[in-house]
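Enquirer: Mind having a look at this structure? Questions to follow.
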Amino acid sequence: MAEAVNIKRLAQELNISIATVSKALNDSYEISLKTKNRVWTLAKELNYTPNPAASNLRSNKTKTIAVVIPCVANNFFSLSIMGIEEIARQYGYHVLIYQTHENIEAEKAFTNSLLNGRVDGILTSVSSSEYNSEYYANLVKKIPLVFFDRVYENLDAVRVTTDDYEIAFQATEHLIECGCTKIAYLFGLENLPAGKARFAGYLDALKTHGITFMEQLVVKYHDGEEFNLQQIKELLGKHKPDALFSSIEEFIIPAYRACRDLSLQIPNDVKVLSFSNLSTAELLNPSLTTISQPAFEIGREAAKCLFKILNNKQLDDEQNIILKSVLTKRESTGG
């Protein structure tokens, strides 16, 4: 049986120290490119594979990060995870994924369990069930942590988000330009900065165009599709809005069902627009006008920030990275 190739063997073959080989394999700035190439070439020839357990013991690192999110099935989060994993692979890290299902107690239990050295850092998008910034203000002092998409403000932590206010303002203006004057708002994430920013964008666009805001045109999200369906049907039947602006993806199916059940034609009777990363948005009948967030890029940026922190590299002064969302006009608004 062939002897396993280790760092000691590489050092002997190249007649250099074990420390030099180790640093070269880790791409240390202390080692010249010429030496690195010698080490990498021989390592490849001899099929050298590093022993992660030994390496982790020496460095006191787990080479694992955790991603704590509300739900994997959501299109936004599945794309974000792909972005996170791409960066994690480049650093030789594993990714553990925890789903909170919008439960604040589960969120706390998961993050508390990660403080015992199980992971080197955490990427999180917080649950919307209640505001919990005090807990996170304490947590960010204990472990490297980066927030993405759903964040808490006024914490000493890096945040990667999108231009929620600006894009909601732009989307509301689009509906107004389509002739809508009675725009209903389907309100999700109301406890979080993202939800509040989207609602503020909607309100300010109405105000800018001289349209009076009507409280009765707001439907707040509940955890249950049937309940949301009934709320939207009641809204459409009673107040007869000419547009539905949905601030979260979860309202899309209830909104389409409500229009169908009430024999309302989209976009002739009511126009529909939603925040959504649904890949099937253009296949809906009619195709849905969407605000899509750059979910993959958000995941990548958040992971890059976390690895900068883990590798003690200088973060840019800006702790709040804002990426741009895209409004895609389709048939549901007459586009």
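The values are calculated or read from the model by the stated rules, or taken from the named source; none is laboratory data. Quick caveat, the model's predicted, so the values are computed rather than measured. Cβ sites come from the backbone with ideal geometry, for glycine too, and all protein chains shown count toward neighbours. These area figures cover heavy atoms from the full protein model, side chains too; ligands, DNA and RNA do not enter into them. Shrake-Rupley method; radii C 1.70, N 1.55, O 1.52, S 1.80 Å.
Enquirer: Condition first: on the phi > 0 side of the Ramachandran plot, at pLDDT 95 or above, in contact with an Asp or Glu (Cβ under 9 Å, 6 or more places away or on another chain) and not aromatic (Phe, Trp, Tyr). Can you find one or more residues in the stretch 322-334 that meet it?
Expert: For the stretch 322-334, residues on the phi > 0 side of the Ramachandran plot, at pLDDT 95 or above, in contact with an Asp or Glu (Cβ under 9 Å, 6 or more places away or on another chain) and not aromatic (Phe, Trp, Tyr): absent.
Enquirer: Moving on to the next point. Going by the conditions given, is VAL119 within 16 Å of LEU306 (Cβ to Cβ) and either assigned to a loop (DSSP other than H, G, I, E, B) or of a type in the set (S, T, N, Q) (or both)? Walk me through how you get there before you give the answer.
Expert: On the way: within 16 Å of LEU306 (Cβ to Cβ): yes; either assigned to a loop (DSSP other than H, G, I, E, B) or of a type in the set (S, T, N, Q) (or both): yes.
It is true that VAL119 is within 16 Å of LEU306 (Cβ to Cβ) and either assigned to a loop (DSSP other than H, G, I, E, B) or of a type in the set (S, T, N, Q) (or both).
Enquirer: Name the helices (runs of 4 or more DSSP H) wholly within the stretch 220-335 that hold at least 1 residues that are open to solvent by 60 Å² or more (accessible area, probe 1.4 Å) and within 24 Å of ILE167 (Cα to Cα)?
Expert: Values: elements: 225-239, 252-261, 295-310.
So the answer is 252-261, 295-310.
Enquirer: Could you give me the residue pairs with C-beta distances under 9 Å whose first residue belongs to the stretch 134-146 and is under 9 Å from ALA157 (Cα atoms), whose second residue is open to solvent by 20 Å² or more (accessible area, probe 1.4 Å) and assigned to a strand (DSSP E or B) wherever it lies, and which are 6+ apart or on separate chains?
Expert: Cβ pairs passing all conditions: VAL146/ARG159.
Enquirer: In the stretch 24-48, which residues are out of contact with any Ser or Thr (no Cβ under 9 Å at 6 or more places or on another chain), part of a helix (DSSP H, G or I) and closer than 27 Å to LYS313 by Cα?
Expert: Across the stretch 24-48, the qualifying residues are LEU25, LEU33, LYS34, ASN37, TRP40.
Enquirer: Give the residues of the stretch 98-148 that are among the charged types (D, E, K, R) and open to solvent by less than 10 Å² (accessible area, probe 1.4 Å), sorted by residue number. Write out each step before concluding.
Expert: Step one: of the stretch 98-148, the residues among the charged types (D, E, K, R) are 102, 105, 107-108, 118, 120, 130, 134, 141-142.
Passing the criteria: only GLU107.
Enquirer: Additional query: Which pairs have Cβ atoms under 6 Å, sit 6 or more apart or on different chains, and link a residue in the stretch 209-233 that is free of Cβ contacts under 8 Å to residues at least 24 places away in the same chain to one that is in a loop (DSSP other than H, G, I, E, B) and β-branched (Val, Ile, Thr)?
Expert: Listed by first residue and then by second, the contacts come to nothing, as the list is empty.
Enquirer: Something else about it: Only one of these conditions is not met by PHE275: (1) of a type in the set (Phe, Trp, Tyr); (2) at pLDDT 95 or above; (3) within 30 Å of GLN90 (Cα to Cα). Which number is it?
Expert: Against the list (1) of a type in the set (Phe, Trp, Tyr); (2) at pLDDT 95 or above; (3) within 30 Å of GLN90 (Cα to Cα), PHE275 comes up short only on (3).
Enquirer: Would the stretch 161-168 turn up any residue that is of a type outside the set (Asp, Glu), free of Cβ contacts under 8 Å to residues at least 12 places away in the same chain and surrounded by fewer than 22 Cβ atoms within 10 Å (Cβ to Cβ)?
Expert: First, the residues of the stretch 161-168 that are of a type outside the set (Asp, Glu): 161-162, 165, 167-168.
Keeping just the survivors that are free of Cβ contacts under 8 Å to residues at least 12 places away in the same chain gives none.
No; the residues of the stretch 161-168 include none that is of a type outside the set (Asp, Glu), free of Cβ contacts under 8 Å to residues at least 12 places away in the same chain and surrounded by fewer than 22 Cβ atoms within 10 Å (Cβ to Cβ).
Enquirer: While we're on this one: On the given criteria, is PHE213 loosely packed, with under 14 Cβ neighbours inside 10 Å and either closer than 30 Å to ILE266 by Cα or at pLDDT 90 or above (or both)? Give the steps one after another, and end with the answer.
Expert: Working: loosely packed, with under 14 Cβ neighbours inside 10 Å: yes; either closer than 30 Å to ILE266 by Cα or at pLDDT 90 or above (or both): yes.
Judged against the criteria, PHE213 is a match.
Enquirer: Across the stretch 74-87, what is the number of residues that are modelled with pLDDT of 95 or more and of a type in the set (Gly, Ala, Ser)?
Expert: Total satisfying the criteria: 2.
Enquirer: Additional query: Cβ-Cβ below 8 Å, separation at least six or inter-chain, first residue in the stretch 100-114 and within 18 Å of ALA73 (Cα to Cα), second of a type in the set (A, V, I, L, M): which pairs?
Expert: Sorted first by the residue in the stretch 100-114, then by its partner, the pairs are THR100/VAL68; THR100/ILE69; THR100/ALA106; GLU107/VAL68; GLU107/VAL126.
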